[in-house]
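*Asks:* Can you read through this structure? Questions will come right after.
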Amino acid sequence: MLASRLSSKLPQIARVSSSLTRQALARNYSAMKMAVPSISEHPTSLYAFTEEELMFKDTVARFAREVVQPRVQAMDDAEKMDTEVINAMFENGLMGLETEGEYGGAEASFTAAILAVEELAKVDPSISALCDIHNTLTNTMIRKWGTPEQKEKYLTRLATDTVGSFCISESGAGSDAFALQSRAEDKGDHYVLNGGKMWISNSGEADIFVIFANVDPSKGYKGITAFIVEKEWGVQIAKKEKKLGIRSSSTCVLNFDDVKIPKENVLGKVGDGYKYAIDSLNEGRIGISAQMIGCAQGAFDIAVAYSHERKQFGKPLSSYQAMQHQFAQVAVEIEAARLMTYNACRLKEEGKPFVAEAAMAKFKAAKVAEQATSYAVEWMGGMGFLRETGVEKFYRDSKIGSIYEGTNNMQLETIAKILLPKYK
């Protein structure tokens with residue numbers, strides 16, 4: 001109704017010339033307001049969460065503080081995820097966030113899942129990465145394109161006791177994600193998978209893998225197909241990478257040597273894997289944005305609190321205007337990235353176009369995380385450079401945001417492709 005009434009006014013408005021006086025423009029605007037209902041009848045902010053989402057956010061924040069935080073430094077030192085933390089994640093419903101209740105999931109909204117990723121990252125971006133990739137990529141793939149039998153078999157395990165991994169990147173297929181060399185050959189009642197993957201998150205802990213391989217290289221990317229593969233069928237962990245940041249989140253090289261995959265484990269349609277990957281990664285970028293916001297906020301909270309305690313020349317650091325201005329500027333940037341992320345999140349939930357907004361949010365959040373964590377180290381001086389405060393870990397963890405699930409340059413490519421046609 002609003003759209004139709006507004007449309008009826010457009011010809012009249014279009015005839016208004018640029019020579020109109022300010023008074024005439026004001027009269028026209030007043031007439032237009034009278035002709036249509038108020039567009040702000042039900043205003044909402046980007047902080048308008050449901051009661052369930054707010055409760056979930058608070059619960060995850062408490063879980064992060066009480067369960068994860070005491071183990072963060074030890075996990076980072078060992079470069080290994082504590083199995084007790086992983087088990088607690090399953091017990092508290094954090095590994096089946098959007099999964100339906102019939103499969104043991106929490107049936108949370110997408111926004112609640114994003115809030116969970118953000119809250120975990122405020123304490124440890126590594127555990128946040130585990131949760132994010134498991135939920136927004138692996139679970140989402142099976143929820144969206146799995147058969148009823150696949151959902152019953154695998155979503156139940158993924159929600160209750162089994163870590164999942166999303167496997168697309170290869171040595172020659174990073175930003176060019178569809179230059180895959182892994183091959184799945186049709187053998188009648190099964191496929192035989194050969195090849196390998198690199199930079200695969202969660203792979204050290206996972207027992208269920210969503211793997212992309214080409215079933216017909218002559219078709220190019222249209223031969224790419226997704227498969228659900230169990231580790232015991234022959235997935236080999238060839239190497240666990242030693243990384244700059246998110247060290248306890250496993251990143252491994254995988255090898256496949258004549259891995260036999262039953263036909264019933266094709267995920268979705270043969271040859272449509274590239275479509276599923278694009279869809280999942282577009283959505284997953286919002287999760288990475290939330291992870292980077294949490295990383296930035298975690299470092300910011302520690303450093304600003306420290307500035308009230310640390311005294312120089314007889315006064316707290318926080319009392320100096322130069323420090324206050326830096327705090328304010330970084331707070332503005334974190335808030336901007338957060339609102340961009342929440343906006344992309346709601347657009348996705350509402351079924352509206354969100355790809356450009358997700359790319360913008362990820363690009364912005366990655367930049368802000370690097371900036372905020374770098375400042376946090378500087379604000380704390382020598383203490384910020386020590387491992388015991390945790391700020392230097394946030395600094396190291398922030399760098400991955402500009403790399404995985406699409407580098408910053410790839411986000412700019414995505415934004416430009418959507419933006420430029422509007423000006424032709």
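The values are calculated or read from the model by the stated rules, or taken from the named source; none is laboratory data. Being a predicted model, the structure only gives us computed values, none of them experimental. A quick note on method: Cβ atoms are made from the backbone with ideal geometry, for glycine too, and the neighbour counts reach across all protein chains shown.
*Asks:* Looking at (1) within 25 Å of SER248 (Cα to Cα); (2) touching a strand residue (DSSP E or B) at 6+ places or on another chain (Cβ under 6 Å), find the lone condition where HIS308 falls short.
*Replies:* That leaves (1) as the condition not met.
*Asks:* Next question. Hey, does the stretch 162-178 have a residue that's surrounded by fewer than 21 Cβ atoms within 10 Å (Cβ to Cβ), of a type in the set (A, V, I, L, M), closer than 27 Å to GLU370 by Cα and free of Cβ contacts under 8 Å to residues at least 12 places away in the same chain?
*Replies:* Yes, the stretch 162-178 has at least one match.
*Asks:* Please specify each residue of the stretch 330-358 satisfying the condition of being assigned to a helix (DSSP H, G or I), in contact with a helix residue (DSSP H, G or I) (Cβ under 9 Å, 6 or more places away or on another chain), free of Cβ contacts under 8 Å to residues at least 40 places away in the same chain and not hydrophobic (A, V, I, L, M, F, W, C).
*Replies:* Matches in the stretch 330-358: GLU333, GLU357.
*Asks:* Scan GLU388, GLU392 and give me the residue that is touching a residue at least 24 places away in the same chain (Cβ under 8 Å) and within 25 Å of SER318 (Cβ to Cβ).
*Replies:* Details: GLU392 fails: touching a residue at least 24 places away in the same chain (Cβ under 8 Å).
Of GLU388, GLU392, the one residue that is touching a residue at least 24 places away in the same chain (Cβ under 8 Å) and within 25 Å of SER318 (Cβ to Cβ) is GLU388.
*Asks:* A further question follows. Among the residues of the stretch 239-262, count how many are surrounded by fewer than 18 Cβ atoms within 10 Å (Cβ to Cβ) and either closer than 19 Å to VAL163 by Cα or assigned by TED's automatic domain parsing to the domain that holds ALA78 (or both).
*Replies:* 4
Quick grid of which residues meet (1) in contact with a Phe, Trp or Tyr (Cβ under 8 Å, 6 or more places away or on another chain); (2) in a helix (DSSP H, G or I); (3) polar (S, T, N, Q):
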| position | (1), (2), (3) |
| --- | --- |
| LYS239 | no, no, no |
| SER248 | no, no, yes |
| ASP257 | no, no, no |
| ILE278 | no, yes, no |
| LEU281 | no, yes, no |
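*Asks:* From the list LYS367, LYS362, LYS399, which one is in a helix (DSSP H, G or I), outside the structural domain of ARG247 (by TED's automatic domain parsing), charged (D, E, K, R) and buried (at least 24 other Cβ atoms within 10 Å of the Cβ)? Before you say what the answer is, go through the steps one by one.
*Replies:* Values: LYS367 fails: buried (at least 24 other Cβ atoms within 10 Å of the Cβ); LYS399 fails: buried (at least 24 other Cβ atoms within 10 Å of the Cβ).
Just a single option satisfies the conditions, and that option is LYS362.
*Asks:* Tell me, yes or no, whether the stretch 327-335 has at least one residue that is farther than 29 Å from ALA206 by Cα, small (Gly, Ala, Ser) and surrounded by fewer than 22 Cβ atoms within 10 Å (Cβ to Cβ). Working first, answer last.
*Replies:* If we filter the stretch 327-335 for residues that are farther than 29 Å from ALA206 by Cα, which is where we start, we get 327-335.
From what is left, the residues that are small (Gly, Ala, Ser) are 328, 331.
Then drop every residue that is not surrounded by fewer than 22 Cβ atoms within 10 Å (Cβ to Cβ), which leaves 328, 331.
So far as the stretch 327-335 goes, yes, one or more of its residues are farther than 29 Å from ALA206 by Cα, small (Gly, Ala, Ser) and surrounded by fewer than 22 Cβ atoms within 10 Å (Cβ to Cβ).
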